[in-house]
Amino acid sequence: MNGKINYLTEFEPAYLELVNSGEIDNRIETLYSKLEQCDICPRNCGVNRLDGEIGYCQAGTDMVVSSVQPHFWEEAPLAGIGGSGTVFLANCNLRCVYCQNYDISHEGKGNSITEEQLADSMLWLQRIGCHNINLVTPTHYTPHLVKAVAIAARKGLRLPVVYNCSGYENVETLELLDGIVDIYMPDIKYGGTESAKLYSDAPDYFEVCKQAVREMHRQVGDLVIDRTIALHGLLIRHLVLPNNGADSLQVLEFIANEISRESYVNIMSQYRPAYRALEFEGIDRSVYIEEYYNVLDMARGLGLRRGFPNE
């Protein structure tokens, strides 16, 4: 690929300007300093992760990665024909009882990796034809990941960086990512407090997520797609839960009225009870097709049109 995205027009990732000016090094220093009394995420645990202390997310000093691989089942504008270059990171700042990847997110399955090693892996993903670097559950490792991007960029990385997160983010941390992340891909899991508390141990989820998504959109705007591949912007995911467990109308109203009716929203129907979901009466079954269609109708009624079936 010689550092260029396969079959796309000329593209320059957001982070290059900060790398070339050296500003990215100041951002990295600031991000690592936040780990001394960790407030990287909204949990604000205050532990000294640089000294090996463990917070709510169960992450300590070292970055733990479960896998690095091309992924062909992400959203079409990310996967394309070459795949999305996914970096699956271990641990998480949420405790979703239905998590399908609980062995990674809850149990921390993976291996410690240095920023230099990850940078080389990013360059490998570029060489084999992936369209982007997709950082999955990145929040608690933000300092490590920005450093890895800087190292890789100085060695020739030119792919867009995707920040693929739960939506439970600190605005202060996101501000330090301005000009580094090309594509933000947050979940908006819930539009109310009860489900967020019961299923993810985060009663403040929706209020926190709304602030975070506003900041993401301020930075990158609506999703820009060139010849079927996403280059820049905001891509939102919303998973439909049984029995309206996600309060989907509130989520979609927020997107349409406070973000943009041009938002790209992947409304997902693939919920299946996993991990501890069978212990919770409201989410102990799959989503009925009528429930999914109802949410699609809500989205269309609000003027949303991108990212989901429109007929």
Fill in: Relative contact order computed over region 15-301 (Cα-Cα under 8 Å; 6+ residues apart), in percent
16 percent
Fill in: Simple spin-label estimate for Glu10 and Asn294 in nanometres, 7 Å along Cα-Cβ
5.2 nm
Item to complete: Sort Lys109, Lys147, Lys210 so that the residue with the fewest other Cβ atoms within 10 Å of its own Cβ comes first and the one with the most comes last.
Response: Lys109, Lys210, Lys147
Discussion item. At 222 nm, what value in deg cm²/dmol follows for the chain if DSSP H runs of at least 4 each add -39500 (n - 2.57) and the sum is divided by all its residues, to the nearest 500?
Written reply: -9000 deg cm²/dmol
Worksheet entry | Among Gly85, Gly167, Gly282: highest mean-square fluctuation, GNM of the chain, C-alpha pairs under 10 Å | Gly282
Item to complete: Tell me the GluC sites (Glu not before Pro) within region 81-128 that lie in a loop according to DSSP and have at most 11 other beta-carbon atoms within 10 Å.
Response: none
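By average Cβ neighbour count within 10 Å, what is the ranking of 72-80, 126-134 from highest down?
Highest mean packing first, the order is 126-134, 72-80.
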Worksheet item: Quick one: which of 304-310, 90-96, 100-106, 155-161 comes out on top by average Cβ neighbours within 10 Å, and what's the full order, highest first?
Response: 90-96, 155-161, 100-106, 304-310
Worksheet item: In what order do Leu231, Leu278, Leu252 fall by count of nearby beta-carbon atoms within 10 Å, going from fewest to most?
Response: Leu278, Leu231, Leu252
Fill in: Efficiency of FRET between Arg305 and Arg214 - r from beta-carbon atoms, R0 25 angstrom, step 0.05
0.75
Practice prompt. Work out the length of the dipole vector of the chain about its Cα centre, built from +1 on the beta-carbon of each Lys and Arg and -1 on the beta-carbon of each Asp and Glu, and round it to the nearest 20 debye.
Written response: 660 debye
Worksheet item: Using 7 Å Cα-to-Cβ label points, what is the Tyr32/Asp51 separation (nm, one decimal)?
Response: 1.8 nm
Worksheet, complete the sentence: Lone Cys, the chain, Cβ cut-off 4.7 Å -> Cys38, Cys41, Cys45, Cys57, Cys92, Cys130, Cys165, Cys209
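Read-outs: derived from the displayed coordinates by stated rules, not from any lab. Predicted, not measured: the structure shown is a model, and the values here were computed from it. Because the Cβ atoms are built from the backbone with ideal geometry, glycine has one as well, and the counts that use them run over all protein chains shown.
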